[in-house]
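Each value in this text was obtained by applying a stated rule to the coordinates, not by laboratory testing. Just so we're clear, the structure is a prediction, and the values are computed from it rather than from any experiment. Reconstructed Cβ throughout: ideal geometry from the backbone, glycine too, with neighbour counts over all protein chains shown.
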């Protein structure tokens, strides 16, 4: 195998995998390096026991919190990165998220690009990842230059009743944008009937639009693309000036055997914590505090959303299979009597007794499985997200042994509490707070802990000022001429919706920039062919969004 390439990409997830897919048609020699391997396709992919109780797909890493207490981070090292386990909820940030927003606990800073600047790549990302949705339903969303490639996934009857009740109460529910591969019968193209397992599970039949299925697998037979698995990048080497990365040092299989690979361009997309780890471990005489860290910003401003998973219960059964079809952004921004932004409400994948046991072991340890299964039949599941704020003291550091330490103090909890309060009022309109299974107004709730690593972002923020940012507007390191970062590390703020689509869009954006820098043509030429829409639309399109799908 060659050890010299045009581009080396570290990480195969939403950013790195998509960037590779964008660059591959140029013919440039690309090395993709993945710490893990392909996720095994097995029946356990669909079982809550292995996924939620046993943690079968979680990395065995040990990280440490700010007090030095060890914990096992729920990170996943596979081809496809975190998208192998994500819920494929592919939201755009709101236009306001790209500007400065005032919160109860501080400021969410502006991005160095606007929503209008970023919008073309959102559209490309939605088409590449075959997102189902309807632009124009959600009043909070920004303009879209093109409609989604597929109409939204239709609500099943129980969720349709919830949507209707919300609309009758004056809310603005919309069809959630879903990255799943469906045929014209609203079933996955692979004939999967287990869609309830999309959220937090790997997909056994590759019917989820994850980075492996969409971006990486189509490249595996190409002569100009090489994929290394079970290979961890431990550090980057530079020339004496520190301005050029001259070597990517890789440990194969954790056996201590290291090899060095070189390329004209190096892209880190290992995840917000691990990208920071690589840079900090790459300290040298030219970069004594870590590579590209003259601003002392590498590892700082760690964010991961303030999230709460909730199962609400009612007497009637919820026989929904695919539940993640509804979203609500009525409380996303300040206004209408609200002084502060609150965040997003969306549906979760359908809960099961086994998942409840794994998610809340202390609360459920005395409850028999049959009782949890009965409760799950009546559950309707929601996910609440409030924006986390970038704070310099919330940071990733690395000790002498190379271990990751995550120091984090909570912020914006008042806004999260307000969203939770509004959600309680909303349940009154849905008959879920007054009618119950266990006791009055009971609903299980689970705060996502630090170990969850949910939606981590912000450790290498981009900006125009090298004194306060790590990367420039093209995600190139200010201090290193051939180093880019293409995962969610680049976020200066995180908004209050899932970051996956923004990472995908940025992967395309940075990939096109690198192709132009290399004088290459054809970047992004392998986006999927345009597809005709199913005959039965999930909802009548609003006039503002009635852009036909092309065949």
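Laid out as a table, the results:
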{"quantity": "Region 1-131: Rg to Rh, with Rh as the Kirkwood radius over Cα pairs", "calculated": "1.03"}
{"quantity": "Rg/Rh (Cα only; Kirkwood hydrodynamic radius) as it applies to region 4-517", "calculated": "0.95"}
{"quantity": "Shape of region 65-222, Cα gyration tensor, a/c cut at 1.5", "calculated": "rounded"}
{"quantity": "Packing-based order for 217-224, 69-76, 141-148, using average beta carbon neighbours within 10 Å, highest first", "calculated": "141-148, 69-76, 217-224"}
{"quantity": "Two-decimal log10 I(q)/I(0) for region 26-99, as the Debye equation yields it once each C-alpha is a single scatterer, q = 0.11, 0.15, 0.23 Å⁻¹", "calculated": "-0.48, -0.78, -1.07"}
{"quantity": "Ascending count of other beta-carbon atoms within 10 Å, so fewest first, for 282, 241, 295", "calculated": "241, 295, 282"}
{"quantity": "Percentage relative contact order, region 4-517, counting C-alpha pairs under 8 Å, at least six apart", "calculated": "24 percent"}
{"quantity": "Burial order of peptide ranges 35-48, 312-325 (average beta-carbon count within 10 Å, highest first)", "calculated": "312-325, 35-48"}
